[in-house]
Amino acid sequence: MLRLVICVLICVFSFAHAQNGFSMQDSLDADLNLVYRKEQYTRFNIHVRGYGIAFGFGRHKTGTLKQIQEGQFNTWSHPKSSTSVSNSNSDRPSYEYGKLFSLYEFTYLYGYRKTLFRKEDRKAIECRHHLLMGPTLFLAKPYYIEIEQALSNQQYRIYSTRFNNDDFNKDSLSVYGRAPFTTGINSSQWHPGCTFKYGLSFDYGNSFQRIRALEIGMQFTQVLPIPGIDRIQLMYQYPAEKRFFNFYLSLILGYKHNRI
């Protein structure tokens, strides 16, 4: 349900964002040599361990160099995570066996993007690359499941717990399903980090003012130690991690302008 809500919000925002770009004067778009000083964009990410969204701003420093500032949100999952369904009730929410934390990344990025090949006409593709870095905050929310415990007189008790011992069996009927998202949120942990990101993007749109681009790249995040904690353990019986690396693919939608 949460993923469905996120997808709907992304689609609504994308449509509104695109409409904002479409409403600008088409007469400016006809000038092939016009360099727009600023740009705004939204980036939708899919990476090897999750998905996310980012909002960015760009400002020209030279004819081919832009200063970029970006706010980014990503979800992270463990590479070995797998989704299961309760054997006792298939209508219950699915759960991830062995999962200890749901991990969310909030990052501010700053850096520069350089145009390698400029778009000379509407049918051309503009190629750029960038290098960004900045601080990161990971939010690790404890992950809970619901257990169905048999009592006397054919009565059952359902309670929330975590995958923190060897008493769980994936094939057992005791796992009732995933607990509500708010369960355990008060015990969430914040972990600081530092992120480095490199990307190569291709603007394929048929407009000089609107941005329609695909981006591929890689991101590396180092978790910084805090008293007593320097790693994040996402899965039971798997080592905790302090370095997060991924490859990503992004769709970028935005527009350029010369407004103050």
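Does Tyr144 satisfy the condition of being surrounded by 13 or more Cβ atoms within 10 Å (Cβ to Cβ) and under 28 Å from Ser81 (Cα atoms)? Talk me through it step by step, then tell me what you get.
Working: surrounded by 13 or more Cβ atoms within 10 Å (Cβ to Cβ): yes; under 28 Å from Ser81 (Cα atoms): yes.
Answer is yes for this residue.
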**Message:** Against the definition (more than 30 Å from Arg37 (Cα to Cα) and among the acidic types (Asp, Glu)), how does Glu215 come out, yes or no?
**Reply:** no
**Prompt:** Quick one: Leu253 ticks every box in (1) touching a residue at least 60 places away in the same chain (Cβ under 8 Å); (2) over 27 Å from Gly50 (Cβ atoms); (3) among the hydrophobic types (A, V, I, L, M, F, W, C) bar one, so which box is it?
**Reply:** (2)
**Request:** Scan Asn169, Asn206, Asn186, Asn165 and give me the residue that is loosely packed, with under 14 Cβ neighbours inside 10 Å, closer than 30 Å to Arg122 by Cα and modelled with pLDDT under 95.
**Result:** Asn206
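For region 95-102, does any single residue satisfy the condition of being small (Gly, Ala, Ser) and at positive phi?
yes
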**Prompt:** Which members of region 38-58 meet the condition of being among the basic types (Lys, Arg) and either more than 17 Å from Tyr110 (Cα to Cα) or at pLDDT 95 or above (or both)?
**Reply:** Arg43, Arg49
**Request:** Test Thr75 against the stated conditions and say whether it is farther than 16 Å from Phe196 by Cα, within 20 Å of the chain's Cα centre (by Cα) and among the β-branched types (Val, Ile, Thr).
**Result:** yes
**Asked** Which members of region 38-95 meet the condition of being free of Cβ contacts under 8 Å to residues at least 60 places away in the same chain and in contact with a helix residue (DSSP H, G or I) (Cβ under 8 Å, 6 or more places away or on another chain)?
**Response** Ile53
**Request:** Could you please find all residues in region 135-162 being of a type in the set (Lys, Arg) and modelled with pLDDT of 90 or more?
**Result:** Lys141
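The values are calculated or read from the model by the stated rules, or taken from the named source; none is laboratory data. For clarity, every value in this text was computed on a predicted model and none was experimentally measured. Positions of Cβ are backbone-derived with ideal geometry, glycine not excepted, and every protein chain shown enters the neighbour counts.
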